[in-house]
Amino acid sequence: MSRSRRTFVMLAALSLGAACSNDPAGSAPGPRAGTLTVRLTTPHGDDGAMTFELRGPAIDTAMVVDPSLRLFTRRESDSRVVGAVVGPLANGAVIRLQVPDVSAAGYTANVLEVADRQDVLRFSLEGYALTVAP
Amino acid sequence: MEPRVPKALQALLVLLAVVSASPAFAQQPSTGSWRDAVRRLRDAAIVPAAPGSAKKRIRSMRAGGLRGLAQLHAAAALNATIAESEPNGSVETADSVALGDRATGTVDPAGDVDTWFVDLAAGQLLSVDVDAFETGSPLDPTLALIAPDGVTLLAFNDDFDDLDSRISFRVPASGRYYVVIRGFGASGGAGLTYAINFGTVTCTAAGTEREPNGTPATASRVAIGADGSGEICLQADSPAGDVDFWAFTAQAGTTIELDIDAAQLGLLVDPVLALYASDGTTQLAFNDDTDGADSRLQFSITTTGTYYATVASAPGSGDNPFPYTLHVRAITPGPGDPITVRAEGLGQPLGLAVGNTGDVFVGDVVGNRVLRVSSQGVVTIFAAGIPSPEGLAFDVFGQLLVVSGDGAVYRVTPQGQATRFITDAGIPFWIAVAPDGRIWLTDLSDRSLRRYSPTGQFQARFDAGVIGGFGPGPLAIGPSGEPYFSNGTEIWKLVNGRPQRVLRDPFVLWAFAFDVAGNIYAPAPVAGRIKLFDATGAVVADTFAVGPDAPQAVAFGRDGTGATVARLFATDLRVGHLIEMNPAGVAHPGQPAGFIPPPFTLEAAAAGLLGAGGLSAADAQLLDALGNHNGRYDVGDFQAYLRTVGAIQGAATAAAQRRQGSDR
């Protein structure tokens, strides 16, 4: 190999290496798939079932944190999923969402109905909240 | 012409007829609105019915050739014969007699009233005894005793000794008392003569009894297989009345029958019978009116020892003395004997149902509550505040339906929460649920059967008045899903909407149950035993089991999976027991309890909840009925649905949790 040709190969390798390196200062961030956790805040200790809605740019899948819970979901649109979770609900993580971009803003969740473990519907949802966070 | 009875009263009388089939109901109304109501009904029924029925009864007795058996006398030495002096139709014009006198007169013309007065001292036991029919007079007299105020009716008698009248009465205060004699039905005529013997009551030595025998210590003895005879006579020194104690020795394993004949001898009297344990105070059984006005009971002896039978006059049935014969017999126990008491202290348990976990539920009609008896015999309050729970049945979703004396059917969740479920029946009493989930009710207001959907929607009414008797009484679902119901002494079934008689029995039959072979287990409360019939109505065992007193309802047990088993339970209202027959004598398991899975998939139920549609209005209604029954399908209903189809938790876990929940 001639000297000039060896020099070209080295430069090409270096430039390729530079392109593949993680250079935060040097390029814009892309979408990052991952998991979000939906957490419940409840004023009661005997919740047995809940319906809820999830809103956000995109939700790939939803699954329960605790295997003793049963989850049923229906995708109403690209940005809204409604669901029901049945079982011994308590404060804390309830559902995990698989999303294409965990950094995307705008994921929210709301409680729609709650019943106690004796099937009685709660008259008031005061004190209930769902939060979505990584 | 008979007075026209308002329809509402007719309904109440029907109710009366039903409840009076239970001796405790008829004899022990004491406190509480329900019992008060029964007492009012009873009073209402008795007043208009008495004269006519009494005549029929006495005439039928006379046809039996039993005249002359009531030769009990009251008595005092005859002082004088006093002839009446007309006019004597009022207290102001009454003729005078003294104790020991014999008054004579004629009821003439029709409608004539003769009045006599006698002066008495407080506490005296007056006997006024008419001789008319017995001396060949065509007069059918009635007799009344009026207080010194000249107005207050103290006692009345129509027929005591055949058609002749008699009153025995202890006067509470010194004064002038009036005796009024009339012809029955305002009859009268020249030949209608009478004599009235005015005396004090004396009790003659009669039969084999040995007075005094008013306590266990002084009881007269009688052997099993023998008869005792005596007289119930209001003693001058015993204001509480006469109670005769009879002692006998019985061996464990023996089933004994006590049987009184008194009214059967042609007397219009009402004896009552009780059985006491060896301590002489613990009442084991009681009966009134099993055999017409006479009494009979059966009892399984579990401990060898001395037992006491008592004979007395029913409260309020008059103070006239009467003779009686007490038969003490050993009878052959049935295949369901011996019975076992599974729970005590249940108040007055009437209805009975077995849940899908094997727990037994009974309705305490005076405690206004439903009690649950676990397989270990632990009694807990399952639901309180249901007025007079009567019929009980589980629906196909595992919820308990309870007919209340307030006219509603309540539905009780497994957690014991009761809500009014069916409210459009007039006077519902008994309830049963068919395997297809449909609910059947008896309605005493119009003597009908009513059918409802599994979720409580009225579907159809079937007339049951055409079969006669009373009721419709207790109700059960037969082998093919058709309702069977009692009209008292008969069991009928509804075939293509028409009643067909299945069997007839001498005794009133109460809430009965079917086994898988179609055999019918039927309690006869007044007879104190449970009878077994085959599917055609033929008697298989006249005594299948001898209840300790008055079995009211029977139901087959279920195991932890909800399947029926060959165990038979019964309520005993008078003693507040849940009893079980000897399982060795129960040949088959009970009819399977109904269960219908909801007619849609789990996915459809979820989608419907989450707004995807796909469920019909009926589906949503059924789901709501499964759950909280608040009028719409919601997440609570969905949770109940998942539990029903086993999609959440294991059945055992869910059942345990339900038990825990309702134990609180």
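So, how do all the Cα-to-Cα distances of the range B:328-469 break down into 5 Å bins, in percent, from 0 on up?
Bins of 5 Å from zero give 2, 10, 19, 20, 17, 13, 9, 7, 3, 1, 0 percent of pairs.
Summarise the partner chain shielding of A:48-56 as one whole number: the mean count of Cβ atoms from other chains within 10 Å of each residue's Cβ.
Neighbouring Cβ atoms belonging to other protein chains average 3 per residue here.
Please express the Cα-Cα pair-distance distribution P(r) of the range B:340-585 as a list of whole percents, one per 10 Å bin, running from 0 to the bin with the greatest distance.
Final binned percentages: 8, 36, 40, 16, 0.
Quick one: order A:VAL82, B:VAL130, B:VAL645 by neighbouring beta-carbon count within 10 Å, fewest to most.
By the 10 Å Cβ count, ascending: B:VAL645, A:VAL82, B:VAL130.
Let me know the mean shielding of A:107-119 by other chains, meaning the per-residue number of their Cβ atoms within 10 Å of its Cβ.
Details: counts 0, 0, 0, 0, 0, 4, 5, 3, 9, 4, 6, 14, 18.
Across the residues of A:107-119, the mean count of other-chain Cβ atoms within 10 Å is 5.
Hey, fewest Cβ within 10 Å first, where do B:PHE638, B:PHE533, A:PHE72, B:PHE600 land in order?
Lowest count first: B:PHE600, A:PHE72, B:PHE533, B:PHE638.
Could you tell me the calculated FRET efficiency between B:THR104 and B:ALA217, based on Cβ-Cβ distance and R0 = 35 angstrom, to the nearest 0.05?
On the way: r = 46 Å, r/R0 = 1.32.
Between B:THR104 and B:ALA217 the formula returns 0.15.
Values in this text are rule-based calculations from the coordinates and carry no lab data. Only a predicted model underlies this, so the values are computations on that prediction, with no experimental measurement involved. Heads up, the Cβs are rebuilt from the backbone with ideal geometry, glycines too, and the neighbour counts pull from every protein chain shown.
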